[in-house]
Each structure stands twice: as structure tokens, then as C-alpha cells.
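Only one structure is covered here, and it is reproduced in the block below.
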Amino acid sequence: MASKRMCLWFVFMIITQSVGEDMQSFRMSSMRGWKFHCTGTPCLPLVSIITSTIMKCQMACLAQVYCRAASFQKSTSNCELFSDMSNETANMQPDTDITSMIVIAGTRSPPG
């Protein structure tokens, strides 16, 4: 009985350790009703994907180490990830169907 309990404890510790090491996170500021709009500056999306929710769009950004911003268009489920947004809020345009999100500097864990 003691060996079975020890085995279960060992398996639990391995699972806990592997999940704990794979944790990643960041914080994002969110702006509903605004989209990135660039005039003369290169701010093409790093990648454009179809996702069902805004949370999956945020997770897609988390999975890309170079992702600094994302925008999610609700009507088309289009998620655009951006890598270089040096002056993010200067080039915003109103659009009620889009939510734009910017990674807050220094909040990515582990650092990219």
C-alpha cells in the first residue's frame, strides 16, 4: 500500500512540475472599437488566423514570441498578430467590430 501511494505521489509531482514549467503569460491593454491603421509605416500583421474567440486570439499571440499586439474582428473571427508596433496608439482608427490589444511591456513571463 505504501509503494502504491509513493508511486501516485511521484506521478503527481512529475505532472505538477511539467505543467509548472510550461506556464507562460503576459498582460495586454485592450481597446474595443479601435483598429491599427498605418499610413506610410510598415505595420503589416505578422500572421492572420481565424479563431472563434478573442481569448484564442490572445493565446495565439502568447504562442508567438515576437507578438507585441493583436486585433480581433468579431464578425469574421479574424485575428491579426503584429510584431512591430513602435507607436501603437498613434495610428488608431475607429471600427466597432474590432478589439485591439497591446502587450504591456515587461509583463511577458518568461521573457521572450
Next item on the list: All but one of (1) in contact with a Leu (Cβ under 7 Å, 6 or more places away or on another chain); (2) open to solvent by 40 Å² or more (accessible area, probe 1.4 Å) hold for residue 70, so report the exception by its number.
Entry: (2)
Item checked: Flag for residue 26 being modelled with pLDDT under 85 and touching a Ser or Thr at 6+ places or on another chain (Cβ under 7 Å) -> yes
Check: In the stretch 81-106, how many are over 14 Å from residue 28 (Cβ atoms) and either under 8 Å from the mean Cα position of the chain (by Cα) or among the acidic types (Asp, Glu) (or both)?
Finding: 3
Note to self: Can you pull out every residue in the stretch 41-63 that is in contact with a strand residue (DSSP E or B) (Cβ under 6 Å, 6 or more places away or on another chain) and of a type in the set (S, T, N, Q)?
What the structure shows: 48, 51
Notebook entry, point to check: Checking residue 76 against (1) of a type in the set (S, T, N, Q); (2) at pLDDT 90 or above; (3) in a loop (DSSP other than H, G, I, E, B); (4) open to solvent by 80 Å² or more (accessible area, probe 1.4 Å), which test does it fail?
Noted result: (4)
Next item on the list: Look through the stretch 33-54, keep the residues that are more than 21 Å from residue 96 (Cα to Cα) and among the hydrophobic types (A, V, I, L, M, F, W, C), and return whichever of them is modelled with the lowest pLDDT.
Entry: 46
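The values are calculated or read from the model by the stated rules, or taken from the named source; none is laboratory data. Since we're looking at a predicted model, the values are computed, not measured. As a convention, Cβ positions derive from the backbone with ideal geometry for all residues, glycine included, and neighbour counts pool all protein chains shown. Quick note on the areas: whole protein, heavy atoms, side chains included, nothing else; ligands and nucleic acids left out. Shrake-Rupley method; radii C 1.70, N 1.55, O 1.52, S 1.80 Å.
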